[in-house]
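Shown next, in structure tokens, is the structure this report addresses.
The values are calculated or read from the model by the stated rules, or taken from the named source; none is laboratory data. The shown structure was predicted, so the numbers you read here are calculated from the model rather than taken from an experiment. Virtual Cβ from ideal backbone geometry, glycine too; neighbours counted across all protein chains shown. Heads up: the accessible areas ignore ligands, DNA and RNA and are worked out on the full protein's heavy atoms, side chains in. Shrake-Rupley method; radii C 1.70, N 1.55, O 1.52, S 1.80 Å.
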Number of protein chains: 2
Amino acid sequence: MTATPPLAPEDVRKVACIGAGVIGGGWVAHFLARGYDVTAWDPADDAEEKLRRLVSAAWPALEQMGLAEGASQDRLTVTPTLAEAVADADFVQESAPEKLELKRSLLAELTDATRDGVIIASSTSGYPMSDMHSDGADNGRLVVGHPFNPPYLIPLVEVVGGEKTDRAAVEWASRFYDVAGKSVITMDRELPGFIANRLQEALWREALHMVANGEASVQDIDDSITEGPGLRWAFMGPLLTFALAGGEGGMGHMLDHFGPSLKSPWTRLEAPELTRELRDAMVEGCEAEAGERTYADLVAERDQGVINVLRATGRLGGAE
Amino acid sequence: MTATPPLAPEDVRKVACIGAGVIGGGWVAHFLARGYDVTAWDPADDAEEKLRRLVSAAWPALEQMGLAEGASQDRLTVTPTLAEAVADADFVQESAPEKLELKRSLLAELTDATRDGVIIASSTSGYPMSDMHSDGADNGRLVVGHPFNPPYLIPLVEVVGGEKTDRAAVEWASRFYDVAGKSVITMDRELPGFIANRLQEALWREALHMVANGEASVQDIDDSITEGPGLRWAFMGPLLTFALAGGEGGMGHMLDHFGPSLKSPWTRLEAPELTRELRDAMVEGCEAEAGERTYADLVAERDQGVINVLRATGRLGGAE
């Protein structure tokens, strides 16, 4: 069966959230704030009470960020069964605990309980979609839609399908999240941990090694990011930031000049061979990302961005 | 000879900057903005012209950040020789090109050309201080003072001594940078790449692997950080952020619950063994960092921080 969603992404009105813990509840808050009708189901006894408390706690932040017209906490319905939650849903976000067998059977159950063609996204933080397919399920409309915590504040969602997912389902989900106010990265290939988690996991493991070896304290590690590169990463990614280290010559100059430092023991992660192909891919990628912006434009953007972030986080004018 | 600086860190008035490229020039701009008299020397023919242009370009940003009383671009003197630059200096910042033999001989020359006891810091981005000691030098007063680019905007400076560095010199330099408006991490042990560079190098290498394997584009990688974890890292470090993922149970719950994911292939960097000692060190470090702040305090701080950063970087209210 191919995935032919009943509605266009722009016409979605009813979203079902299955699993209402920290992540599922965060999704509920996000969709309510964007003006959707939301149904939620969670097997825990006190799930409804906890969920309404989470949404209510998040609401002042969501008001600050700007609610969609008609957005209301009253548009949340918590149902006693999974079937009731998803029966009329135009889209389903699954945020069950991170257990593969549980996810697999739950997703299969969801393809049965939803209308034909309804797209179902899993919040899994690392399982490839292909591992969550199963024989009985309508696999074509199952995708990963991986958010960051809390989903109502952090824009990123990573969308990727599995071997049996229809390409159209991946495209529909990406478009839907975009309409629903998220920043979407659509991946062409499955990769354990997706993209952002791989990057932060590398950093996390390096940090664990440092603490394990008595090389740095938790406080030092956190300070080294918030007082250093983290200030830039809030608005300019690490690769474009590195390109600026190459001056007018950009990423090309940076790699040609500092390439040898890839052999330095500056992390426990072995670097790839800096082939001509990799060098060129990095250069072209940075040029594409910079677009019309010149080196001077990017430097000015970085500098003003750092000042804005320092000011926004209370670090200008005061001694620490 | 032990390092007995002629002045207390609070009494420093004259700073010499040796090497006036992007980093050295950035230091010049920083020290001028903090109200110091600055002398600079660089062997390049057009060094003075480039340096004054860099300082002048940085000045509007420095005005936004708030100048110290009496701060002026007129308090910069570019000297024709290294000896003249450092003869009266109360502190020296060396920012020569990243070549070990050059750094070693330059630092030795600087211990000769300065007054007895004057502390000399190297901006090296990765050489251990011990590798930059040399037989003829007064090694006791040589330290690493590693900044992030641009040094006049990014607060972080990592301070560490080498085998022959006096402990007092490390303490003096840390205190001086603090007085001069930097955020200081003082390291007890030498570690190639120090702290922040190791963390960002792990992330950089993971990103290179992904591009080399066609797993993600440059744009995807950068977006995954700026739209995701990078928003939090501008004001709350990765470790305290992870602790929040453990809910009320904090880092302990997080490690006990998600520890097994260290075995997942989520990065090419092998994780350390999660021993009881490492677990406890992480938990205690996070508790020390959180101090009096409760879980609810930290969540509120994170949420408000993300909103402030989104607003400061122009991402609230507008579609991207």
Subject >> For A:Ser123: the one exception among (1) of a type in the set (Gly, Ala, Ser); (2) open to solvent by 20 Å² or more (accessible area, probe 1.4 Å); (3) within 21 Å of B:Thr267 (Cβ to Cβ) >> reply: (2)
Original post:
If B:Val157 passes every condition in (1) farther than 20 Å from A:Thr241 by Cα; (2) surrounded by 20 or more Cβ atoms within 10 Å (Cβ to Cβ); (3) in the same structural domain as B:Ala33 (by TED's automatic domain parsing) but one, which one does it miss?
Top reply: (1)
Original post:
Does A:Pro265 qualify as being open to solvent by 60 Å² or more (accessible area, probe 1.4 Å), within 18 Å of B:Arg205 (Cα to Cα) and facing chain B (nearest Cβ under 7 Å)?
Top reply: yes
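Residue by residue, here is whether (1) within 27 Å of B:Ala234 (Cα to Cα); (2) under 26 Å from the mean Cα position of the chain (by Cα) holds:
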residue	(1), (2)
A:Leu240	yes, yes
A:Met254	yes, no
A:Thr275	no, no
A:Asp280	no, no
A:Val283	yes, yes
**OP:** Of the conditions (1) among the small types (Gly, Ala, Ser); (2) assigned to a helix (DSSP H, G or I); (3) open to solvent by 10 Å² or more (accessible area, probe 1.4 Å), A:Gly136 clears all except one; give me its number.
**Re:** (2)
Original post:
in a loop (DSSP other than H, G, I, E, B), over 16 Å from the mean Cα position of the chain (by Cα) and not assigned by TED's automatic domain parsing to the domain that holds B:Lys14, is that true of B:Gly214?
Top reply: yes
Subject >> strands (runs of 3 or more DSSP E) completely within the stretch A:1-120 that count 3 or more residues being in contact with a strand residue (DSSP E or B) (Cβ under 9 Å, 6 or more places away or on another chain), over 25 Å from B:Gln304 (Cα atoms) and open to solvent by less than 10 Å² (accessible area, probe 1.4 Å) >> reply: A:14-18, A:91-94
**OP:** Please state which one of A:Gly237, A:Gly250, A:Gly230 is over 19 Å from B:Pro128 (Cβ atoms) and open to solvent by 10 Å² or more (accessible area, probe 1.4 Å).
**Re:** A:Gly250
**OP:** Assess whether B:Leu269 counts as being within 23 Å of B:Glu289 (Cα to Cα) and of a type outside the set (Val, Ile, Thr).
**Re:** no
Original post:
Among (1) within 7 Å of chain B (Cβ to nearest Cβ); (2) more than 23 Å from A:Arg268 (Cβ to Cβ); (3) not basic (Lys, Arg), where does A:Ser217 come up short?
Top reply: (2)
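Condition check ((1) outside any helix (DSSP H, G or I); (2) modelled with pLDDT under 95) across all residues:
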{"site": "B:Pro192", "(1), (2)": "yes, yes"}
{"site": "B:Leu203", "(1), (2)": "no, no"}
{"site": "B:Asp223", "(1), (2)": "no, no"}
{"site": "B:Leu231", "(1), (2)": "no, yes"}
{"site": "B:Phe242", "(1), (2)": "no, yes"}
{"site": "B:Gly250", "(1), (2)": "no, yes"}
{"site": "B:Gly259", "(1), (2)": "no, yes"}
{"site": "B:Trp266", "(1), (2)": "yes, yes"}
Original post:
How many residues are outside any helix (DSSP H, G or I), facing chain B (nearest Cβ under 7 Å), surrounded by 16 or more Cβ atoms within 10 Å (Cβ to Cβ) and not basic (Lys, Arg) if we restrict to the stretch A:268-320?
Top reply: 4
**OP:** Taking B:Val184 as meeting all but one of (1) closer than 18 Å to B:Ile119 by Cα; (2) in contact (Cβ under 8 Å) with a residue 60 or more places away in the chain, write down the number of the exception.
**Re:** (2)
**OP:** State which residue is least open to solvent (accessible area, probe 1.4 Å) when the search covers only the stretch B:161-190 and only residues that are assigned to a helix (DSSP H, G or I) and among the charged types (D, E, K, R).
**Re:** B:Asp178
Original post:
Among the residues of the stretch A:207-221, how many are in contact with an Asp or Glu (Cβ under 8 Å, 6 or more places away or on another chain) and buried (at least 24 other Cβ atoms within 10 Å of the Cβ)?
Top reply: 1
Original post:
Would you call A:Asp116 farther than 19 Å from A:Asp37 by Cα, touching a residue at least 60 places away in the same chain (Cβ under 8 Å), among the charged types (D, E, K, R) and assigned by TED's automatic domain parsing to the domain that holds A:Phe31?
Top reply: yes
**OP:** List every residue pair whose Cβ atoms lie under 7 Å apart, where the two residues are 6 or more positions apart in sequence or sit on different chains, the first residue falls within the stretch A:298-309 and is assigned by TED's automatic domain parsing to the domain that holds A:Pro238, and the second residue, located anywhere, is charged (D, E, K, R) and crowded, with 21+ Cβ neighbours inside 10 Å.
**Re:** A:Arg302/A:Arg232; A:Val306/A:Arg232
**OP:** Give the residue that is farthest from B:Ile307 (Cα to Cα), with candidates limited to residues of the stretch A:121-143 that are of a type outside the set (S, T, N, Q) and within 14 Å of chain B (Cβ to nearest Cβ).
**Re:** A:Asp131
Original post:
With respect to B:Glu248, is the statement that it is farther than 23 Å from B:Arg311 by Cα and more than 7 Å from every other protein chain (Cβ to nearest Cβ) true?
Top reply: yes
